[in-house]
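Undergrad: The structure that follows is given in the form of structure tokens.
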Amino acid sequence: MSTVSTSLLDELLDPLAQCFTPAVAQEVVNLRFDRKVQAKLEDLRHKANEGTLTPDERTEYETLIETIDIIAILQAKSKRMLQGKANR
């Protein structure tokens, strides 16, 4: 991530994830991007790989990637929480 390290972000998101109920945690685990977002991400990824992103597209792509990182961290925390509840 450009402004905040992933480990720091992980720590920053801990208090939020601790507020999740099992139902919310399951919703976070099941979260998927809709087709429109997926198509936009694929388009930007393709342009990035070819080196043809405009400055605005680069900013949008970086923002999407950072957002995906945040969601992935929350999904991992949610999975751990749900697994911990199942093991009790």
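What follows draws every value from the coordinates through simple rules; no lab data is involved. Given the structure is predicted, the values throughout are model-derived calculations rather than measurements. Cβ placement follows ideal geometry from the backbone for every residue including glycine, while neighbour counts extend to all protein chains displayed.
Undergrad: Within the range 37-86, count every residue that is among the polar types (S, T, N, Q) and within 16 Å of T21 (Cα to Cα). Give the derivation first.
TA: Going residue by residue through the range 37-86, those that are among the polar types (S, T, N, Q) are 38, 49, 52, 54, 59, 63, 67, 75, 78, 83.
Next, only the ones that are within 16 Å of T21 (Cα to Cα) stay: 75, 78, 83.
Selection size over the range 37-86: 3.
Undergrad: Related question: What number of residues within the range 26-51 are more than 14 Å from the chain's Cα centre (by Cα), of a type in the set (A, V, I, L, M, F, W, C) and farther than 14 Å from E62 by Cα?
TA: 1
Undergrad: What number of residues within the range 55-76 satisfy the criterion of being surrounded by 10 or more Cβ atoms within 10 Å (Cβ to Cβ) and over 23 Å from L9 (Cβ atoms)? Reasoning before the result, please.
TA: Here is the first cut: in the range 55-76, the ones surrounded by 10 or more Cβ atoms within 10 Å (Cβ to Cβ) are 57-76.
Restricting the remaining residues to those that are over 23 Å from L9 (Cβ atoms) gives 57.
The qualifying residues number 1.
Undergrad: Looking at E11 and the list (1) over 14 Å from D69 (Cα atoms); (2) of a type outside the set (V, I, T); (3) in a helix (DSSP H, G or I), which single condition is not satisfied?
TA: Status for E11: all satisfied but (1).
Undergrad: Name the one entry in K79, K40, K85 that is loosely packed, with under 11 Cβ neighbours inside 10 Å and touching a residue at least 24 places away in the same chain (Cβ under 8 Å). Can you show your working first?
TA: Details: K79 fails: loosely packed, with under 11 Cβ neighbours inside 10 Å; K40 fails: loosely packed, with under 11 Cβ neighbours inside 10 Å.
Result of the check over K79, K40, K85: K85.
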